[in-house]
1. So which residues in the range 91-105 are hydroxyl-bearing (Ser, Thr, Tyr) and modelled with pLDDT under 90, if there are any at all?
2. Regarding the range 106-114, can at least one residue be identified that is of a type in the set (Val, Ile, Thr) and at pLDDT 95 or above?
3. If a residue must be on the phi > 0 side of the Ramachandran plot and hydrophobic (A, V, I, L, M, F, W, C), how many such residues does the range 193-228 contain?
4. Kindly provide the set of residues from the range 163-191 that are touching a residue at least 40 places away in the same chain (Cβ under 8 Å) and either touching a Phe, Trp or Tyr at 6+ places or on another chain (Cβ under 7 Å) or among the aromatic types (Phe, Trp, Tyr) (or both), ordered by number.
5. Return the residues of the range 277-315 that are surrounded by 13 or more Cβ atoms within 10 Å (Cβ to Cβ), among the hydrophobic types (A, V, I, L, M, F, W, C) and in contact with a strand residue (DSSP E or B) (Cβ under 7 Å, 6 or more places away or on another chain); say none if nothing qualifies.
6. Look through the range 268-314, keep the residues that are within 16 Å of MET250 (Cα to Cα) and β-branched (Val, Ile, Thr), and return whichever of them is modelled with the highest pLDDT.
7. What single numbered condition from (1) outside any strand (DSSP E or B); (2) out of contact with any His (no Cβ under 6 Å at 6 or more places or on another chain) fails to hold for GLU61?
8. Can you go through PRO311, PRO300, PRO271, PRO281 and tell me which one is under 30 Å from ARG35 (Cβ atoms) and either in contact (Cβ under 8 Å) with a residue 60 or more places away in the chain or in contact with a Leu (Cβ under 9 Å, 6 or more places away or on another chain) (or both)?
Amino acid sequence: MSDTRSKDGGPMTAPAPSPTDPPLLSVRDLTVVRRDLPTARIVDSVGFELRRGEALGLAGESGCGKTTTALALLGLLPDGLVRTAGEMHLDSGRGPRPLHTLSPRGMRAVRWRRVSMVFQGAMNALDPVMRVGEQIGEAVRLHRPALDRTAVTARVRELFEQVRLDPLRIRSYPHEFSGGQRQRLMIALALACEPDLVIGDEPTTALDVITQRRILELLDELRRELDLSVLLITHDLSVLAETCDRIAVMYAGRVVETGTVDQVYGAPEHPYTQRLLASFPTVGGPRELPPPIPGSPPDPAAPEPGCAFAPRCDRAEDRCRASAPPAAGDPGGADRTVRCHLLPWPVTNPETSR
């Protein structure tokens, strides 16, 4: 295993990402529609940036387009969906590389080598009749065919150590591991080719709360030890507070608010973000359920003018129902944008890609 300890014996941590560093991943105006109904925008002009060593949380209720955004980044959209617009650039060390222009073969060279993904429910996707070490080793051999069997085995053992599993268990079968351990195996699989970016799509789904915390702590430790960038997708804003640097909140296919964890948690500006945060009880607060957000998310097959959240917003005005708000930058908060007509600051940075 590579040395991840400092001189005093503590874990080494990567330097904090600097706002002046070029982004590892830059997404602009990403749009994904239904192939049979191009007016149905599943992802609508989404944009964000992710720096090296940074963790970005992509949050929002189920069906808002989070997973579709990740699949579009990897070129893995299902047959019923197609990307119709947008640019995606991945920094190669010699400048940004446009992912949106790559052929399927070119994308295969990026997947797992540069960008990998822990899929939702993936811990149940392990082959039950194949030893786990062989499954992880297969991924290593596929992307590094020059390695011999001894080198592949050494790499698998190293990966087991990185995810805090006993390397002696590489010959065990999936059923011999707990749910949390199987999720660690999926993280090891995602790290097999030393990618720059790991996407976690609801990586703690179906795990108990204690195991969820341990998995999130592991991801955070690995990010700092290996200088990884992490895009963490979840519908649960509460899991992002201790693991992410910044948060992007999605609603109806669009990013409606971005900011640091302190900004989004401490002073949420979009009514949807406010209602999401209010849905989680606070320690010492009233022992009662908060009122649910009324209504349902809009049908992407029948888009209406105006803000997509207006029919469910108790603060909506006529202008909210008449026109979609641009993304406005907060003059007092770098890297903070909100897509709402009711902001306390003037619209100074209307970027449709945010």
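The values are calculated or read from the model by the stated rules, or taken from the named source; none is laboratory data. Quick caveat: nothing in here was measured; it's all calculated off a predicted structure. For neighbour counting, all protein chains shown are included, and Cβ atoms are generated from backbone atoms with ideal geometry for every residue, glycine included.
1. Once the filter is applied, which keeps residues that are hydroxyl-bearing (Ser, Thr, Tyr) and modelled with pLDDT under 90, the range 91-105 yields only SER92.
2. If we filter the range 106-114 for residues that are of a type in the set (Val, Ile, Thr), which is where we start, we get 110.
So of that shortlist, the ones also at pLDDT 95 or above come out as none.
Within the range 106-114 (the criterion being of a type in the set (Val, Ile, Thr) and at pLDDT 95 or above), the answer is no, since none of the residues qualifies.
3. Taking the range 193-228 as the starting set, the residues that turn out to be on the phi > 0 side of the Ramachandran plot are 194, 202, 206, 227.
Next cut, hydrophobic (A, V, I, L, M, F, W, C) only: 206.
Final tally of qualifying residues: 1.
4. First, the residues of the range 163-191 that are touching a residue at least 40 places away in the same chain (Cβ under 8 Å): 163-164, 171-175, 177, 179, 182-183, 185-191.
Scanning the range 163-191 gives TYR173, PHE177, LEU185, ALA188.
5. Result: ALA308, PHE309.
6. Only one residue fits best here, namely THR273.
7. Every listed condition holds for GLU61 apart from (2).
8. PRO300
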